[in-house]
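The next block holds one structure in the form of structure tokens; read it before the comments.
Just so it is clear, none of the values below were taken in a lab; they were calculated from the coordinates. Just so you know, these numbers come straight off a predicted model, no measurement behind them. Ideal geometry is used to build each Cβ from the backbone, glycine not excepted, and the neighbour counts take in all protein chains shown.
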Amino acid sequence: MQVIKGTLDLIVLKTLSWQPMHGFAIAAAIDERFGGELALEEGALYQSLRRMEERELITGEWGVSENNRKARFYKITARGRQQLRREAADWERYSVALTRLLRLA
Amino acid sequence: MRRFFRLPLSSRPAVSADVDDEICAHLEARIHQLVQDGMPPDEARRVALQRFGDVETTRRAMRGSAQRYAIRLRRRDRLSGIAQDARNTLRQLTRSPGVTAVIIITLGLGIGATAMMFGLVDRLLFRPPAHVRDPGALGRLYTSHLDGESQAIDQDEVSYLRYTQLRDGAREVADVAAMAGASVIVGRGATSSRVAARFVSANFWTVLGVKPALGRFFGKDEDQPPDGSNVVVLGNAYWRITVGADSNVLGRQLDIGTRRFTVIGVAPPDFHGVTPARVDVWLPVTTRRARDRNLPADWYAKNNLWWLELVARLRPGATPTQAEAALTATFARANLRGDANDATVRNRARVAWGPLLAERGPRREASTPVAAWLAAIAGIVLLLACSNVANLLLARAIRRRREIAVRVALGMSRSRLLAQLLVEGVILATAGSALGLAIAFAGGRALSVFLLPTLAPTEHVFNGRVLAFAAATAVIVGLLASTAPALWAMRQDISTLVKAGSGKASSRRPGLRTILLVSQCALSTTLLLGAGLFIRSLQNARSIPLGYEARSLLVVTAEQRDPGPLPGGRVALYREFAERLRGVPGVVNAATTKQIPFATSGSTAISVPGHDSAFLARLHPIMMNPVGPNYFETMGTRIIRGRALEPQDGPQAQRVIVVSDSMTKALWASENPIGKCVHVGGADEPCSIVVGVAENVHQYEVRAEPAIQYWIPESQNQGGNGGALAVMVRTSGDAQAMMPTVRRALQSMTPPSVYLTIWSVPDAVDRIVRPWRIGAMVLTAFGVLGLMIAGMGLYSVLAYAVSQRSTELGIRMALGATPFSVIRRVVLDGVRVVMVGIVAGVAIAMVAGRSIDSILLGVTTIDPRVLPATVATLLVAALVASAVPAWRASRVDPADALRAE
């Protein structure tokens, strides 16, 4: 399963809403949530992180990972949470409508 | 924390490295995980890269985002830094409101005065006239030639004949237009009024390149001699005031002078041509006879009436030098045609291309250099203010040195510290300039009314240029004022700063502040000296014996507007006026006269037995005035010898003459002049016997020596050039207050076609002494301002020094010094600085004084009254300023001072 265009940011934002994470952990969490079914290109994930940092939806800062490695930790901002709420609602409405359309015989 | 991590991202390579680090960290983590899961390292690397995708694309995208983000953060940081500095500064400033107020007021007065004077000087000397296209190609023409008696005459006015000749002769290189200002009577009967007219040639509009606000301007066919077309263009302000800016005004009829004019257009707002004076109506040059009905019908072909100023526009590509050459050649040719065919006439005829603004040209008003001087002085006062503010800021920076040291030690960068000090300076200067602008706005109007009474009232000297000037000044002043403390802060060594207690004596650093203080004292000495000199000049100007009692003297003139002679004649009307006025309560005396003080003068050829004409020509000009009975009593001119002119000196009686003291001395030296013979009007005229000698009279000019002058009975004036032109009226009280009474008394006997003008001689005298009065007033104001600034500066420096030296003073007192000796010490400290300043100031005044010598009257820089008074004033100020700190020093408790150690 490919990531549907435009939903990567939403996925990452949602993932970060649970707790601050570094990129590698985010990739792992997404993998886990999607049961390994999502073919995520990890480069795209990092682009998404920096993009959202630029938009100040998340902030990143260097720290030390659980394996004692240097890693850049990302944290969702208040603005990010707002964005998440808005986009999640949009997505829900969109997917319900799309599902309804697809189920029409 | 955020800040700490953000710091390395300040540069582009740092951002790139950050991105690379993150990618590497991810790949390493992935490989590590895969290897742990049992994959061979090479395989793990391949898989990790595959899962990551195109590294280069990702890296580029990440760098882009990170770069933009870093820039935004940096910008925000800087802004918040400045905002924080501003907040800190405001807190600092409100913590010591007294010092802050002093600083703001000082700067406000300095900036206000400077902006005000800038506006004025800009208006006079720099601002091009409104609505004029490409003013750089415009110039005024000044002519110079020899008259019949080989006298060089410099003039900025020419006859209509010469104008047309110059215009046609220079057609290739320049377009020459003519203009002349005059007042005209508009309307009829009781509703008539006197308005400011400007007669201009038809090409005036094209030469200036101005467009009408309404209707059209007059053209060439409407400006043809002898009488032009009766068309008028209204001044914009006049149009607004008289008809409420009614656009239906075009085609309306307007009675101007002797004729009825049709309104054809309205000039644009604030358009006054090339002079700052207000203009109500614009008329074709050739309609001049509507105002001066006595001009001969062929006036335009004669060269005896010089009344037109010339303004010219260079043709594209032509230079002023080419224009001058063409105009001079034409002018010389034209002069030859009229005068004797003399090479010297041709050689001396010259037309010069001068600046468009008359005030920059050779014939500027006397008050213009004064205004320029005042502007320079305002700049000096601003410098004073700056140095004082710098002084106060420096004192405060020193008081705050421990705080500053702590901040520097805590990692505040020097540049940040510098920025903070500069922000402080700019905030203060901005507040000061806001105050200054308020002062300039209020004062500018008053000053321009005072200095430039002819300036159009709609035009304020205060405008966008002044605003820009004040804003620029604020920034410069802010930087200047904060430079001293900033430099000081930069130079300090942190460790010494931290160690030094805030109240204890550190190494005394009087150098910079003392220099500032000395320069303040010097400048205020110079200013006060200048003020003193102007006050003395003013006193001298006022006390010059005019040769008549100017106080309570009125002048009445009557203007005939309708064509045709007055019923009974003008001279008769004036005689009736004088007769009637002598019976009016409050009027002491009245007499007719041909010449009006400070308004007109005239001369005619005379011949004196025993003297040749060359000798008399050297005495030129010899002023003549035909006067009516009671003239000398009315004027208050004393008769030194013999008698005045009497009523019985009628047309049939023996011709008589009264001569001025100077004329007696020039013609007959120590001989008795009574009974001598003078042929007035030339050798062919009969003898006029000298019957009296009057004191010397300043008829026209206050500063020059009184001209040689004589008076003859009006009834015996055979010269033929007209009779009385005015009635002089001596009132018992205030002349100004008597004006309505005089007008009422004359109105009933004034024909409806005659317009009466009444003005007071004191007003005219006032106008003449105005430059000195302005100089005296403004210099006094600036001098006092400067003195206050210097006084405050001295006070703050001494007060600071005393607080610095409280320990030392305490020890001295503990060792037996008396309070008096302490007071003397402090006061002497102050006085010493002031003395140095005074000496410097006097030196500056002596140097600068040379260039103002020409505008002073009867005083020199080292005036025995002005100099001591100035020095005394400064010393008193020094004593006052040091009194409080000295008193405080004497109250230092030795025990306290020692404990503090």
Tell me which cysteines of chain B come out unpaired when the rule is another cysteine's Cβ under 4.7 Å.
B:Cys24, B:Cys386, B:Cys521
I'd like the antiparallel share, as a percent to the nearest 5, of DSSP beta bridges with both residues in chain B.
75 percent
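Could you give the semi-axes, largest first, of the ellipsoid that matches the protein assembly as shown, computed as the square roots of 5 times the alpha carbon gyration tensor eigenvalues and rounded to whole Å? The partial results should precede the final answer.
Values: eigenvalues 1359, 383, 118 Å².
Largest first, the protein assembly as shown gives 82, 44, 24 Å.
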Among B:Met39, B:Met624, B:Met749, what is the fewest-to-most ranking by other Cβ atoms within 10 Å?
B:Met749, B:Met39, B:Met624
P(r) tail for chain B, what percent of Cα pairs lie past 43 Å?
54 percent
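Taking other Cβ within 10 Å of each residue's Cβ, how do B:Ile758, A:Ile4, B:Ile185 sort, fewest first?
Least to most surrounded, the residues fall as A:Ile4, B:Ile758, B:Ile185.
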How charged is the neighbourhood of B:Ala83? Take every other residue with its Cβ under 11 Å from the Cβ of B:Ala83, and add Lys/Arg as +1 and Asp/Glu as -1.
+1
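Starting from the stretch A:1-88, pick out the chymotrypsin sites (Phe, Trp or Tyr not before Pro) whose DSSP state is loop and whose Cβ has at most 15 other Cβ atoms within 10 Å.
Passing sites in the stretch A:1-88 are A:Trp18, A:Phe34.
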Gyration tensor (Cα) of the stretch B:702-782, equivalent ellipsoid semi-axes in angstrom:
32, 23, 11
Can you list the lysines whose alpha carbon is less than 16 Å from that of B:Lys665, not counting same-chain residues fewer than 8 positions off?
B:Lys676
Which of B:Ser660, B:Ser890, B:Ser433 comes first, and how do the rest follow, when ranked by fewest Cβ neighbours within 10 Å?
B:Ser890, B:Ser660, B:Ser433
Using just the Cα positions, wrap the stretch B:2-82 in a convex hull and report its mean projected area in square nanometres, one decimal place.
6.2 nm²
Once the in-chain neighbours fewer than 8 apart are removed, the lysines whose Cα is under 18 Å from B:Lys211 read B:Lys220
